[in-house]
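Okay, so here's the structure we're looking at.
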Amino acid sequence: MLKPMLDRLYTSFVAGCLFPLHELLKKHRTVQIKQQLEQSQWLSQAQILQAQQHRLQGFIRDVCQHVPYYQRLMHELRLSASDIQTTADLAKLPFLDKAAIRGHFTELKHAHAGIVRPFTTGGSSGTPLTFLLGNERISHDVAEKWRATRWWGVDIGDKEIVAWGSPIELNKQDKIKIWRDRLFRSTLIPAFDLTETTLLQFIKHIQTTRPAMLFGYPSVFHLIAKTAQQHQIDLTKLGLKVVFVTSERLYPYQRELIEQVFKAPVANGYGGRDAGFIAHQCPSGNMHISAEDIIVEIIDKDGNCLPDGQSGEIVVTHLATSDFPFIRYRTGDIATKSPNPCPCGRGLPILEQIEGRSTDFVLAADGTMMHGLALIYVIRELHGISNFKIVQESLLVTSVQLVLEPGVDSAPLLATIEQGLKARLGQQVQIQFDLRDEIAAEASGKYRYVISKVTG
């Protein structure tokens, strides 16, 4: 009885004192922003979008006055800041993509930017992108994540294990950060080289720590859950409240196994280093857009804006990026904006059917496009496979990397996979197999189960 009470008191101390002091010393406005977000989330969607529109106007005025790239662009387009009054007016501006950022890097910096530092994406889906990150953006991003964390009954200061693979984080393990994480009761474990031995060590650490929450890649927690199941290790009585996953597409079969093995809900988060924390899942199961800071447009293949309910590419305008603005930034991800309200009562708009990047889709030989999940299901239903990756090399060649369990007869297994993939891609497609001892993660530590070099 005493231990749970002390545990709650320590969490309150961290969330109410230590973390606010930490953010204050870093000159972040995270605490004030989080307090505002926890109030604004209960406004109606119309009120939230009205406030968003008002903020957009001020953001555009500032950018047009102080960011050389947009000063020049608006002049060339014969536009002024007053021409961008609503989110619909954003369509008057061109899209921003990685090539434009690389080509106009210096021009995109605000003339009166505060302290900024270079930040680089993980590059799991292509060449890494470097951009500038300031305290404004960091404060808003952290506040949005903090708000979403509290939706699930956990808070900063609760015991947490983070499975992460980005070299950017892992190279920062200096003494100050180690002590900070200890104070906040957060443990970072590298998500690289996940052999059976390291996975079992990871499981042991979870059992010993008994965290309130896990945070990391869905592929990593799926591997951990699968390993625990294979070794008949019971992880259902740890008192885990939630498993937060992000940075990769969460597949239904991953969610199902993780929730079964850990006996805890999986809470999905969608976003990126470049675009920010775009949406978070609430306990009612919906992905809420962080609409106070982020405008989401859905566009078709020709760049036209689509109405709610139609699937297309996600384009983001982040209103907390004055130092280095992201306006109409193409994410390359596919999703749908829902017109429906959420039973949880929050007025934040809903993003649904987040289907991953265009390179997560494959083309059949006859030109039919399908999500890579159609190929994943061919393999994941089979016994004897520890890990896999499918790479569509061309319209007529698909390679399959496989890690088989010991003692498995590969011949019938490969025949079944070939038959299943040809049924979806076309009988004329050549299926090439590559049997391996392990399949390495991407440079960022993420796992990608399907990659298409045709649709990418």
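Could you grab me the full set of residues in region 216-263 that are among the small types (Gly, Ala, Ser) and under 25 Å from Ala374 (Cα atoms)? Talk me through it step by step, then tell me what you get.
From region 216-263, those among the small types (Gly, Ala, Ser) are 216, 219, 225, 228, 239, 247; that's our starting set.
Across region 216-263, the qualifying residues are Gly216, Ser219, Ala225, Ser247.
The residue pairs whose first member lies in region 286-314 and is on the phi < 0 side of the Ramachandran plot, whose second member is acidic (Asp, Glu) and open to solvent by less than 10 Å² (accessible area, probe 1.4 Å), and whose beta carbons are closer than 8 Å, counting only pairs six or more residues apart or on different chains, are Ser290/Glu144; Asp293/Glu144. Here Ala111 clears all of (1) in contact with a strand residue (DSSP E or B) (Cβ under 7 Å, 6 or more places away or on another chain); (2) of a type outside the set (Phe, Trp, Tyr); (3) touching a residue at least 40 places away in the same chain (Cβ under 8 Å) except the condition numbered (1).
Could you please find all residues in region 261-275 being over 16 Å from the mean Cα position of the chain (by Cα) and open to solvent by 30 Å² or more (accessible area, probe 1.4 Å)?
In the first step, residues of region 261-275 are kept if they are over 16 Å from the mean Cα position of the chain (by Cα); the result is 261-265.
Passing the criteria: Lys263, Pro265.
Residue-by-condition table, conditions (1) at pLDDT 90 or above; (2) surrounded by fewer than 19 Cβ atoms within 10 Å (Cβ to Cβ); (3) out of contact with any strand residue (DSSP E or B) (no Cβ under 9 Å at 6 or more places or on another chain):
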position	(1), (2), (3)
Ile161	yes, no, no
Trp164	no, no, no
Ile168	no, yes, no
Asn171	no, yes, yes
Trp179	no, yes, yes
Leu183	yes, yes, yes
Thr209	yes, yes, no
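With respect to Arg147, is the statement that it is at pLDDT 95 or above and farther than 28 Å from Ile451 by Cα true? Spelling it out, Arg147 is indeed at pLDDT 95 or above and farther than 28 Å from Ile451 by Cα.
Residue selection: Cys282 satisfies the criterion of being at pLDDT 95 or above, under 16 Å from Phe215 (Cα atoms) and open to solvent by less than 20 Å² (accessible area, probe 1.4 Å). May I ask you to verify whether Glu76 is closer than 23 Å to Ala143 by Cβ and acidic (Asp, Glu)? No. Screening Ile224 against (1) more than 19 Å from Asn340 (Cα to Cα); (2) of a type in the set (A, V, I, L, M, F, W, C); (3) at pLDDT 95 or above leaves a single unmet condition, (3). Taking the residues in region 139-156 that are among the aliphatic types (A, V, I, L, M) and out of contact with any helix residue (DSSP H, G or I) (no Cβ under 6 Å at 6 or more places or on another chain) as candidates, determine which candidate is farthest from Cys344 (Cα to Cα). Per the criteria, the residue is Val154. A count restricted to region 334-347 and to residues that are in contact (Cβ under 8 Å) with a residue 60 or more places away in the chain and open to solvent by 20 Å² or more (accessible area, probe 1.4 Å) stands at 4.
When you scan region 244-260, do you find a residue that is under 19 Å from the mean Cα position of the chain (by Cα), under 17 Å from Ile334 (Cα atoms) and modelled with pLDDT of 95 or more, even just one? No, region 244-260 contains no residue that is under 19 Å from the mean Cα position of the chain (by Cα), under 17 Å from Ile334 (Cα atoms) and modelled with pLDDT of 95 or more.
Yes or no, residue by residue, for (1) within 18 Å of the chain's Cα centre (by Cα); (2) buried (at least 16 other Cβ atoms within 10 Å of the Cβ); (3) farther than 30 Å from Asp7 by Cβ:
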| site | (1), (2), (3) |
| --- | --- |
| Arg55 | no, no, yes |
| Cys64 | no, yes, yes |
| Pro118 | no, no, yes |
| Thr121 | yes, yes, yes |
| Leu129 | yes, yes, yes |
| Thr149 | yes, yes, no |
| Val154 | no, yes, no |
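When you scan region 66-90, how many residues do you find that are surrounded by fewer than 16 Cβ atoms within 10 Å (Cβ to Cβ) and either of a type in the set (Gly, Ala, Ser) or over 18 Å from Thr321 (Cβ atoms) (or both)? Steps first, please.
So the first thing to find is which residues in region 66-90 are surrounded by fewer than 16 Cβ atoms within 10 Å (Cβ to Cβ), and the list is 68, 71-72, 75-78, 80, 82-83, 85-86, 88.
Now drop any that are not either of a type in the set (Gly, Ala, Ser) or over 18 Å from Thr321 (Cβ atoms) (or both), which leaves 72, 75-78, 80, 82-83, 85-86, 88.
Qualifying residue count for the region: 11.
Region 41-126 holds helices (runs of 4 or more DSSP H) entirely within its bounds, and those carrying 1 or more residues that are β-branched (Val, Ile, Thr) map to 45-66, 98-103. Looking only at residues in region 416-430 that are part of a helix (DSSP H, G or I) and polar (S, T, N, Q), the one that is surrounded by the most Cβ atoms within 10 Å (Cβ to Cβ) is Thr416.
Assess whether Ser219 counts as being open to solvent by 20 Å² or more (accessible area, probe 1.4 Å), under 20 Å from the mean Cα position of the chain (by Cα) and either at pLDDT 90 or above or under 20 Å from Ala267 (Cα atoms) (or both). Answer is no for this residue.
The values are calculated or read from the model by the stated rules, or taken from the named source; none is laboratory data. It should be emphasised that the depicted structure is a prediction, and the values quoted were computed from it without experimental measurement. With ideal geometry, Cβ positions are generated from the backbone for all residues, glycine too; neighbour counts draw on all protein chains shown. The protein model used for the area step is the full one, side chains on, heavy atoms only, and it has no ligands, DNA or RNA in it. Shrake-Rupley method; radii C 1.70, N 1.55, O 1.52, S 1.80 Å.
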